[in-house]
Every structure is written in structure tokens, then in C-alpha cells.
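Here is the structure we will look at, set down as C-alpha cells.
No value in this document is a laboratory result; all are computed from the given coordinates. Just so we're clear, the structure is a prediction, and the values are computed from it rather than from any experiment. No Cβ is skipped: glycine too gets one built from the backbone with ideal geometry, and neighbour counts run over all protein chains shown.
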Amino acid sequence: MSNINGKVYAMNAITPMKPWKTWILRAAFFALGHIKPLQKDLINLSFIEFARWVIVPRDGFPSLGNGQVKEDLQYDYLLFFSNFNGTWNQYIDAFSAVLSGGLNLVWRWSEKFPGSVPVTLFKEYIARVQFDTDYYYTAYPQATANDVKSAHIVQASVESLAAIAENCTPEQFAEAYLKFVLQVQCHLGETGNAPVAG
Amino acid sequence: MPNKNGSVYGLTILSPIIEDEKATPSHDLQIRNYLSKLSTREDSPFALAPGTHLARLVVMDDVIYVGMPACEEHLKSKYLIFESNLDGDLDGYLNGLAASIPEHLDAIWQHCVGYPGAGSRRAFVDYMKACQIETTFFFAAVNDKSVTETLRALQTQTAVTDFIARHQGADASTLQRDFIAFLGYLKSLPLPKAGSMGPHRPIETGGRNE
């Protein structure tokens, strides 16, 4: 079992919802998906690489026959999977502090959700509904979400400078190089092993 | 389409695990045992197959009871959750998995109900799709770059850091000549292996972060 690989933490959570509430949540997600300004806070939480919410209707668990007994559930279930940088406590604290309105909108339809503020009860709830990851892979374990964003900025800047490198005088190149350094200097953070957590 | 964000696809699969009282150890435990021995670095099956940014495999034993006044209920099957963040389209990805790592897929999913094996590509893809749950909302911090582009960009970032450090105070002619040579050097570098921690750097990170 490992929830951590390099600089990424895998979180899994599952919460029960009364089926009639599921439709409200679907509408909320539809709005979140189509009105980009609503995603601003989520994007600003720049330590999240990928995250998803998946609603599994009470009759939506895969039923394949072959002797499998069909599920008989009263609740729909909300699955949450996140891939984030940093520790569990940092993540939940930041979620609660920055995204409390959005979190309440998503999870208030789940049974016994206490609200994302105050954080103590919120953490207790998340700890209760979380389950562990058995296998976790990332293609770039040495990098955080911000490292990846920065690396693509550096790559684009190199390609821009490369386009003029051979067709200008040394003085013109030096001027362009200076602009290039100014562009990328905030994006040269060191990747590698994660800090020791504990 | 909620499964996609930009060019990244969010795949969520729930495969029911075989319930067999006579199996020793149980099928879910056999999956867990196999996964615990599987590499998560550059020789990971997901590094060998193309197109996976991040992926996880999780045995979900049951739903979670949150306490009164909610009703307590239980699943009749355990499920193997496969969550993957991948490049491109689903059919291409699943076919790529079946072509690249069939032995790993079979070793894991043979414990799931109705699994046909990766040998029959069409049956494998159909099975995975039958177990797929549509993602309701999918967020990707970077949604327009492939795994290959990201690995290349991270390599460039490290090389550029070194180049800039080495050329502080260099005159214009040296700078231009060396940068053109540097571009050739960048092109000559092999693509870093997916799943690797990157080159060892003699810079210490560390300290407690909690």
C-alpha cells in the first residue's frame, strides 16, 4: 500500500448521498464545468495535478453476471480521487481555507458532511471516508504540478529563443537572451526528491 | 464530455472482484499481494505502456458507513478501482496497455469477474468499457501536454538552469555560440524514462514539512 509516489499523494474518498440529492450535485458540477471563472479557486490551488469526482448511482456499480450478485443499495455514492503535492494535512487545511464554499457545494449533499469549516470536523470526516491506495504510479515523480507548469514555460521560451538564435548578431542575441532569462528565472526551481514528511 | 479535460482523459474503472470462499488467499488479497511487489519507477508497467500521466489501483473493500442517522449498507462485491489520467483517446490507450503489458493486466484482472484476458484485444477493450464509470467532473492542472512533452520539458528545465548558471557574465559572442551548441545538445538527449526520479543532482532538499 502506498498513497505517496515521489512528490504526489493519492487520495481516495467515498461518501453516500440520497439519490434525489445527486441531481443537484450533477447540476452543480455541470455549472462548474461550463462556467470557467467558477474553477478559479481550484486552479489557484496549484498543488493539485489531477482531481476528479465520480458519482456512482446506486444501480450503477458494474454488474457483469458470471455469478456476481447484483448490488442492492439505498444510496448513490460520490467518489473523489485527487493527486496532490504535499502532505495530507497541508492539503486539507488549504482546501478548507481557500475552497470552503466550493467544497460545501460539492459535499453538502453527502450524508453527515459537517461542512469544510471549522477544519477539525472536516478532517475527521475526510479521515473517516478515505481509503488507501494499493498501487500508485506517476510518470514524473520528481515534479510537482508547479514544476510541470514551469517546465512547459521554460520549454516554450527556449523554442522562441532558438527561432532567432542563428539569425541575429551577437549583440541582438545577448539582448534577447537577457529577456529570456527574465522570462524563465522564476521557473527554474529544482526538481528531485520530496522533502521528508513526518 | 466530463471524462476529458483538454487533451487529457480521466478514466475510472470499477471491476468487481471474484468472491470465492474456497480461494486461499482470497482474490482481493492476491491482487493486493501482486500490486505490493510491482515497481512504481521506470520499470513500472505503466511506464512501459504509453500515455499514462498518473494512475492508481485500489481494492475497495466496501462502502463506508458515516454513522447515524445514515443507513448502514454494504457492497456485495469488492471492486478493483483503476483510475488513470491519460493522453489521447480511450480505445488507443486500452489497446496500448493490452499490447505492452498483457502479463501484468492478466495477473491483476484475472481475479475480477468476467475478465476475458488481454490476449483478445477486442474483448479486453469491451470488458474495460463495461466496467467504466463516467467521470462527473475532471480537473487537470495541465491539460494540453502529453507525457512525452512533459518529460521533455522537465529535462529542458534542468538543462537550462545549468546553462544559465554557467554563462553568467559571458560575452555576447560566447553566449550565442554556446546557446546554439546547447540546442544541439538538447536535441541529442534521449527522452527521460517515464517513472524515473530524473538525474541525480547534488543539491539537498529536505527538512520536515509538516
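The Stokes-Einstein estimate for the range B:147-188, based on a Kirkwood radius over Cα pairs and taken at 37 °C with 0.692 mPa s viscosity, is a diffusion coefficient of 298 µm²/s.
The mean count of C-beta atoms from other chains within 10 Å of the C-beta of residues in A:57-70, rounded to a whole number, is 5. For the range A:42-86, the fraction of C-alpha pairs farther apart than 18 angstrom is 49 percent. Pairs A:LYS7/A:LYS70; B:LYS129/B:LYS187; B:LYS37/B:LYS78; B:LYS4/B:LYS78; A:LYS36/B:LYS76; A:LYS112/B:LYS78: which are spaced more than 31 Å apart, C-alpha to C-alpha? As for pairs spanning more than 31 Å Cα to Cα, those are A:LYS7/A:LYS70; B:LYS129/B:LYS187; A:LYS36/B:LYS76. Averaging Cα coordinates gives a centre for the range B:150-172 and one for the range A:94-129; these two points are 43 Å apart.
Could you tell me the convex hull volume per residue, in Å³, taken over the Cα atoms of the range B:4-130?
Working: hull volume 16.8 nm³, N = 127.
Hull volume over Cα atoms, normalised by residue count, gives 132 Å³.
Take each residue in A:78-85, count the other chain C-beta atoms within 10 Å of its C-beta, and the mean is 4.
Model label sites at A:LYS18 and B:TYR65, defined 7 Å from Cα along the beta-carbon direction, differ in position by 2.1 nm. Put simply, the convex hull of the Cα atoms in chain A casts, on average, a shadow of 16.0 nm². Put simply, the amide H of B:LYS76, placed in the peptide plane, has neighbours under 5 Å in A:ASP72, leaving out anything fewer than 5 places away on its chain.
Using a Förster distance of 51 Å, how high is the FRET efficiency between A:ASN66 and A:THR169, based on the Cβ-Cβ distance and rounded to 0.05? Spell out each step's value before the answer.
Details: r = 73 Å, r/R0 = 1.44.
After rounding, the FRET efficiency stands at 0.10.
As a proxy for reagent exposure, B:ASP87, B:ASP106, B:ASP171 were ordered by neighbouring Cβ count within 10 angstrom, fewest first; the result is B:ASP171, B:ASP106, B:ASP87. At a temperature of 4 °C and a viscosity of 1.567 mPa s, determine how fast the protein assembly as shown diffuses translationally according to Stokes-Einstein, using the Kirkwood radius over alpha-carbon pairs as Rh; express D in µm²/s, rounded to the nearest whole number. Translational diffusion coefficient: 56 µm²/s.
Suppose we look only past 10 Å in the calculated P(r) of the range B:52-92. What percent of the Cα-Cα pairs does that tail hold? Roughly 76 percent, rounded to a whole number. If you bin all the Cα-Cα distances of the range B:87-134 at 10 Å, starting from zero, the percentages per bin are 28, 60, 12.
For the modelled label position 7 Å from the Cα of B:ALA107 along Cα-to-Cβ, which residues of the range A:136-157 have backbone nitrogen atoms closer than 16 Å? Those under the cut-off are A:136-137. Here the extension length gained between A:LEU178 and A:SER2 equals 58.9 nm, from 0.36 nm per residue of separation less the Cα-Cα distance.
What does the average come to when, for each residue of peptide A:144-154, you count the partner chain Cβ atoms lying within 10 Å of its Cβ? Write down the numbers at each step before the final one.
On the way: counts 1, 3, 1, 4, 9, 4, 3, 13, 10, 2, 8.
Neighbouring Cβ atoms belonging to other protein chains average 5 per residue here.
In the protein assembly as shown, the calculated helix contribution to ellipticity at 222 nm averages -12500 deg cm²/dmol per residue, counting -39,500 (n - 2.57) for every DSSP H run with n ≥ 4. Near B:CYS71: Cβ cut-off under 15 Å, other residues only, Lys/Arg at +1 and Asp/Glu at -1. The net charge is -3.
In vacuo Debye scattering of the range A:145-187, one point per C-alpha: log10 I(q)/I(0) at q = 0.18 Å⁻¹? Ignoring solvent entirely, the Cα scatterers give -0.51. As an equivalent ellipsoid, the range B:56-210 spans semi-axes of 45, 23, 14 angstrom, where each value is the square root of five times an eigenvalue of the C-alpha gyration tensor, largest first.
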